[in-house]
Amino acid sequence: MSRISYVNGRYLPHKMSMVHIEDRGYQFGDGVYEVVLVLNKKLIDFDGHYRRLKRSLEQIALDYHFSQTLIKQIINRLIRFNLISNGLIYLQVTRGVAERAHQFPDDASATLVVTAKPISISPVIEGKKAITTTDQRWDRRDIKTIQLLPNCIAKQEAVENDAFEAIMVMNDGTITEGASSNLWMVNKENQLITRKASNIILNGITKVTIAEIAETQKIQVIERAFTVNEAKGAKELFITSATAIVTPITQLDEHMIADGNVGPVSLALRNMYLKKAL
C-alpha cells in the first residue's frame, strides 16, 4: 500500500503530496510542527502535543482554527490508511502561500501537512554516544518552529563523529538540550536532573511525562542547569523525545558515563513509559 499523507483537506499518495513554492514555510521557515508517537495504534501524549502546538501558533501569531478533534481525526485516518501499528506522526502548520515579503501577509490561509511513518520499537535498549557542540539557536527555543538549521548542523556533526545525538552547550558552559531531544542526568545522590522549561529549551512532552512517572516512583526530580563536566561525572545520562522515548547516553564526547553500561534508572523509566503508553 502506498504511503498516504494529508495536505490541506486532501489525502494523497505521499509522492504526490506537495505545497506551493511560495509557501512561507518553504521560503521563511514561517511555521511550527509537532511529532506524535503511535504505539499499538494509540496516540501517545496527544493532548500535550496539541496544547504545545496551539501555544507555538499563538507565539508566532499564526491564526489557525482546526480543533483538537479534527486534528485527531486526520491523524487516526492516516494511521488506518498507512497500516501503522507503531509509528510517528509529523504535523506541520505554516502561514501559507503568499507573495514573498518578510512581513506577515493579510490574506494567506494556513497550510496543514500531516504525514505518518512506521517505526520499530526494540525490546532491547542500547546505550548511545553523544557529542557536545555549541548551541547556535535563537532565543525562543520554546517555540517548536520549523526553523531547524542549527539543529541540523549539530545533528550532522554528531553523524560525522559516529554519535547518536549532539548535546548543545551555551557560552556559560551549561547544557541546554539535544539537537532533537531533552537531556537528563542521574547524579551521585540518585536525583534526576534536567533543565527547567523556559525560552532556553523546548519543553518536551515526553520530558513532562517522564518527570511525572519518576515522581510516582519517589525519584526526586530537580529542574536546573548543569554543566558538561557534571554530565560527564553523572551516574547516568539519557535523552527523551517522542522519537527517542528514553535512550541512555553511555558516552559523551570521548568520556564514558560511569561504567559505560545502561543504567537502572533510564532502563526502568523507559519500561514504565512504554507500559503506561500501552
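With respect to the numbered conditions (1) at pLDDT below 95; (2) part of a strand (DSSP E or B), which one is the sole condition not fulfilled by Ile249?
Among (1) at pLDDT below 95; (2) part of a strand (DSSP E or B), the lone unmet condition for Ile249 is (1).
Can you tell me which of Ser109, Ser56, Ser120 is under 18 Å from the mean Cα position of the chain (by Cα), small (Gly, Ala, Ser) and exposed (fewer than 15 other Cβ atoms within 10 Å of the Cβ)? Walk me through how you get there before you give the answer.
Working: Ser109 fails: under 18 Å from the mean Cα position of the chain (by Cα); Ser56 fails: exposed (fewer than 15 other Cβ atoms within 10 Å of the Cβ).
Ser120 is the lone residue from the list that is under 18 Å from the mean Cα position of the chain (by Cα), small (Gly, Ala, Ser) and exposed (fewer than 15 other Cβ atoms within 10 Å of the Cβ).
So Pro248 clears everything in (1) at positive phi; (2) in contact with a strand residue (DSSP E or B) (Cβ under 9 Å, 6 or more places away or on another chain) except one condition, right? Which one?
Condition (1) is where Pro248 drops out.
Filter segment 81-106 down to residues that are aliphatic (A, V, I, L, M) and assigned to a loop (DSSP other than H, G, I, E, B) and give me whichever is surrounded by the fewest Cβ atoms within 10 Å (Cβ to Cβ).
Going residue by residue through segment 81-106, those that are aliphatic (A, V, I, L, M) are 83-84, 88-89, 91, 93, 97-98, 101.
In the following step, the residues that additionally are assigned to a loop (DSSP other than H, G, I, E, B) were identified as 83-84, 98, 101.
Details: Leu83: 13, Ile84: 19, Ala98: 20, Ala101: 10.
Restricting to residues being aliphatic (A, V, I, L, M) and assigned to a loop (DSSP other than H, G, I, E, B), the top hit is Ala101.
Do you know which residues across segment 232-272 are of a type outside the set (A, V, I, L, M, F, W, C) and under 22 Å from Ile201 (Cβ atoms)?
If we filter segment 232-272 for residues that are of a type outside the set (A, V, I, L, M, F, W, C), which is where we start, we get 232-233, 235-236, 240-241, 243, 247-248, 250-251, 253-255, 259-261, 263-264, 266, 270-271.
Of everything in segment 232-272, those that are of a type outside the set (A, V, I, L, M, F, W, C) and under 22 Å from Ile201 (Cβ atoms) turn out to be Lys232, Gly233, Glu236, Thr240, Ser241, Thr243, Thr247, Pro248, Asp253, Ser266, Arg270.
Can you pull out every residue in segment 150-175 that is under 15 Å from the mean Cα position of the chain (by Cα) and either more than 28 Å from Val113 (Cβ to Cβ) or touching a residue at least 60 places away in the same chain (Cβ under 8 Å) (or both)?
Listed by number, the residues that qualify are Phe164, Glu165, Ile167.
Just the residues that are farther than 19 Å from Leu269 by Cα and surrounded by 14 or more Cβ atoms within 10 Å (Cβ to Cβ), please, taken from segment 181-201.
Ala197, Ile200, Ile201
Only residues in segment 71-85 that are in contact (Cβ under 8 Å) with a residue 60 or more places away in the chain count as the first member; pair them with residues that are of a type in the set (Ser, Thr, Tyr) and surrounded by 18 or more Cβ atoms within 10 Å (Cβ to Cβ), Cβ under 8 angstrom, at least 6 apart or cross-chain, and list the lot.
Hits for this filter: Ile74/Tyr6; Arg77/Tyr6; Leu78/Ser5; Leu78/Tyr6; Leu78/Thr115.
The values are calculated or read from the model by the stated rules, or taken from the named source; none is laboratory data. Predicted model, so just to flag it, every value in this text is computed and none were measured. Virtual Cβ from ideal backbone geometry, glycine too; neighbours counted across all protein chains shown.
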